[in-house]
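Single-structure report; data block below.
Every number here is computed from the coordinates shown, using simple stated rules; none is lab data. This one's a predicted model, so the numbers in the text were calculated from it and none came from an experiment. No Cβ is skipped: glycine too gets one built from the backbone with ideal geometry, and neighbour counts run over all protein chains shown.
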Ligand code: NI
């Protein structure tokens, strides 16, 4: 498998969990756009074989390089890193992990018990992030995890697969800014994440982002099939730094709100 093919498999796996993503992709292509990905985001939890640095090592096998910055999300108890590929045509990879040791005994013990069911060596395979959920899961456990951390419940329910893809708005011709793109998407009936405002970040941050709310998808649990929020589609516009180079990192304050795109909608 080469990287191109692996990214295609990540997109296929993700599209199956977010039917809106291929719809939006097609709408943009029909509007004459060339849709490139800014980044792909993955979720995991702190564990010797599953944590963010273990995931980083998988992507280094694909030629990716770890960027220096790290990102801390104090309230959500998350830590994240990102990787860039020397070939800029490949999307950045953003990997976050839940800081398991900061969670309640229930959450940390549940996640440790899930991790113990992963076959040895499985998480070292470079294509680990299309492997899905490697453990059985009850809907009751999913709901209990969600009470403390929607992030923990998402990983428990979906396992290891892309959480979101992100369209590079810099690569679009007709939808040159997020406001224009957002009103197009809302006009087509898609719901956008409003937490912290529809557009997260500003030109002062050198990065603006918005995202859909993850639509609910049917998931098999031990008790039966239940619909829960799956994956969302994100949109990012980057601005040049004073040195003229396009900002290539992430803004923790914005990402913090974007994480909520997989929360259950309160209606
Ligand atoms: Ni993102």
Q) Over the range 183-228, what per residue volume does the convex hull of the Cα atoms give, in whole Å³? A) 103
(Q) Running a GNM on the chain with Cα contacts under 10 Å, which residue among 203, 212, 44 ends up with the highest mean-square fluctuation? (A) 203
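Determine, from the Cβ-Cβ distance of residue 68 and residue 16 and an R0 of 30 Å, the FRET efficiency 1/(1 + (r/R0)^6), rounded to the nearest 0.05.
Numbers: r = 34 Å, r/R0 = 1.14.
Approximately 0.30, to the nearest 0.05.
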(Q) Compute the angle between helix 178-187 and the longest alpha-carbon principal axis of the chain, please, reported from 0 to 90 degrees and rounded to the nearest 10. (A) 70
Q) Top mean-square fluctuation among 152, 115, 236, Gaussian network model of the chain, C-alpha springs under 10 Å? A) 115
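Set the Förster radius R0 to 25 Å, insert the Cβ-Cβ distance between residue 198 and residue 176 as r into 1/(1 + (r/R0)^6), and round the FRET efficiency to 0.05. Could the numbers behind the result be given before it?
Values: r = 17 Å, r/R0 = 0.67.
With a Förster radius of 25 Å, E is 0.90.
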Q) Expressed as an acute angle from 0 to 90° and rounded to the nearest 10, what is the orientation of the C-alpha long axis of helix 139-148 relative to the principal long axis of the chain? A) 60
**Q.** Angle in degrees between helix 105-115 and the longest Cα principal axis of the chain, rounded to the nearest 10
**A.** 90
Q.
Under a crude label model (7 Å from the Cα following the beta-carbon direction), how far is residue 113 from residue 138 in nanometres?
A. 0.8
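Return the Rg/Rh ratio of the range 27-136 with Cα-based radii and a Kirkwood Rh. Can you show the working numbers first?
Numbers: Rg = 15.9 Å, Rh = 15.4 Å.
Expressed as Rg/Rh, it is 1.03.
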Q. If the label point is 7 Å along Cα→Cβ of residue 247, which residues in the range 164-181 have backbone nitrogen under 15 Å from it?
A. 169-170, 178
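Can you tell me the FRET efficiency between residue 9 and residue 61 if r is taken as the Cβ-Cβ distance and R0 is 22 Å, rounded to the nearest 0.05? Let's see the in-between values first.
Values: r = 15 Å, r/R0 = 0.68.
Efficiency, rounded to the nearest 0.05: 0.90.
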Q | Label-point gap, in nm, between residue 186 and residue 264 - each point 7 angstrom along Cα→Cβ | A | 2.7
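Tally the DSSP beta bridges in the range 3-262 and give the antiparallel ones as a percent, rounded to 5.
75
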Q | Global geometry of the range 82-124, whether rounded, prolate or oblate, following the gyration tensor of its Cα atoms and the 1.5 cut on a/c | A | oblate
Q. Given that compact globular proteins tend to follow 2.2 N^0.38 Å, what is the ratio of the alpha-carbon Rg of the range 117-194 to that value?
A. 1.55
Q) Could you give the alpha-carbon Rg of the chain over 2.2 N^0.38 Å, rounded to two decimals? A) 0.96
Q) Most mobile of 89, 81, 133 per a Gaussian network model of the chain (Cα springs, under 10 Å)? A) 89
Q. What are the extents of the Cα atoms of the range 21-61 along their three principal axes, listed from largest to smallest and rounded to whole Å?
A. 45, 19, 11
Q: Return a whole-number percent for the relative contact order of the range 67-136, with Cα pairs under 8 Å and 6 or more residues apart as the contact set.
A: 19
